[in-house]
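Structure, as structure tokens:
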Amino acid sequence: MRCEAQPRSEARRTDVYVERAPEAATKQIAKRESPKVKGKSIVGMNLIETIDLKKTYSTGKNIETPALRGISLSIADKDFVVLAGPSGSGKSTLLHLMGALDTATQGAILFEGRDITNIDIHKLTTLRLHKIGFVFQAYNLISTLTALENVEYTMLLQGINRRTRRKKSIDTLQRVGLDDLIHRFPQEMSGGQQQRVAVARAIAAEPRVVMADEPTANLDSKTAESLLELMQELNMEKGITFIFSTHDPMIMNKAKRLIHLKDGKITPAA
Ligand SMILES: Nc1ncnc2c1ncn2[C@@H]1O[C@H](COP(=O)(O)OP(=O)(O)OP(=O)(O)O)[C@@H](O)[C@H]1O
Ligand SMILES: [Mg+2]
């Protein structure tokens with residue numbers, strides 16, 4: 001397991017394009033070399049990269065909360081990364097920014113080498129739909145849909161035909177141990193069961209990356225372990241990249257790479 005303080009960026013790419021990126025980040029990207037091998041450009045190996053990412057929430061009258069204070073990190077394709085750190089350290093905020101669910105105050109985010117910091121909302125939605133599965137800290141299941149329909153929903157939006165999406169959804173719900181509950185509505189399930197539906201929804205369509213905000217927070221240790229094993233299998237078998245936040249030492253121990261946050265910054269492990 002790698003454990004780190006500020007990881008150095010090893011970006012090597014030529015296909016970065018910048019739309020209205022903040023000036024400092026734009027300069028940083030522009031400074032990058034574009035290495036050539038026998039006349040061909042090397043395509044970057046990183047799936048996601050953040051450059052001096054900052055997020056400040058503004059609430060009420062002139063109340064500003066700096067949640068991220070300059071995060072620079074690279075997530076390799078097929079990695080299995082855990083974000084750890086005390087409550088309020090910025091884990092959810094970082095996941096939301098990397099998952100294209102929120103926008104940064106400063107800095108830049110590259111996804112597959114492409115600057116997505118300020119791209120058009122429709123392009124962001126398409127990126128999320130096809131490449132990113134997200135498990136929210138509060139599950140965010142649709143209350144009027146059954147477990148099966150919740151899992152199918154992303155594939156419905158992707159235009160996958162009914163038969164395929166139903167089969168994939170049932171298979172995935174079986175893998176998270178919910179075979180008997182597929183026709184239940186979220187309010188008819190326990191917190192842990194809803195959490196497993198949320199995980200099934202994120203992984204069923206086999207996205208490029210799954211981001212999960214404390215995916216085992218409401219599970220007993222046995223269920224948490226089997227869910228983690230499922231994610232490790234998907235990581236190994238299908239090459240899906242996983243990025244989790246957690247307070248759970250069991251998950252931290254299974255990470256290929258552990259990133260500690262404190263007060264919105266990456267810190268060395270405690
Ligand atoms: N929508 C928001 N509006 C205002 N402040 C926010 C908002 N979301 C988060 N914050 C603040 O940003 C900081 C980072 O919050 P964040 O939710 O990212 O922490 P976290 O590490 O995920 O914490 P936890 O382990 O409790 O989930 C905190 O100080 C929090 O109060
Ligand atoms: Mg959180």
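All of the numbers you see were taken from the coordinates with simple rules; none came from a lab. No experiment lies behind these values; they were computed from the predicted model shown. A quick note on method: Cβ atoms are made from the backbone with ideal geometry, for glycine too, and the neighbour counts reach across all protein chains shown.
Could you tell me the calculated FRET efficiency between Glu237 and Ala138, based on Cβ-Cβ distance and R0 = 25 angstrom, to the nearest 0.05?
0.30
Quick one: divide the alpha-carbon radius of gyration of the range 42-189 by 2.2 N^0.38 Å and tell me what you get.
Here the Cα radius of gyration is 1.22 times the empirical estimate.
Using modelled amide H (1.01 Å from N, peptide plane; none on Pro or chain starts), what sits under 5 Å from the amide H of Phe242, excluding residues fewer than 5 places away?
Amide H neighbours of Phe242, under 5 Å, 5+ apart: Asp79, Phe80, Val81, Val210.
Packing-wise, with mean Cβ within 10 Å as the measure, how do 162-173, 94-105 rank, highest first?
Result, highest mean Cβ count within 10 Å first: 94-105, 162-173.
List, in the order given, every pair from Lys54/Lys91; Lys54/Lys262; Lys123/Lys167; Lys131/Lys254; Lys91/Lys123 whose Cα-Cα distance in the structure shown is over 21 Å.
Too far apart for the 21 Å limit: Lys123/Lys167; Lys131/Lys254; Lys91/Lys123.
Given the convex hull over the Cα atoms of the range 145-267, what projected area results after averaging over all orientations, in nm²?
Mean projected area for the range 145-267: 8.3 nm², to one decimal.
Between Arg184 and Ser221, with labels modelled 7 Å along Cα→Cβ, what's the label distance in nm to one decimal, could you check?
Computed distance between label sites Arg184 and Ser221 equals 2.4 nm.
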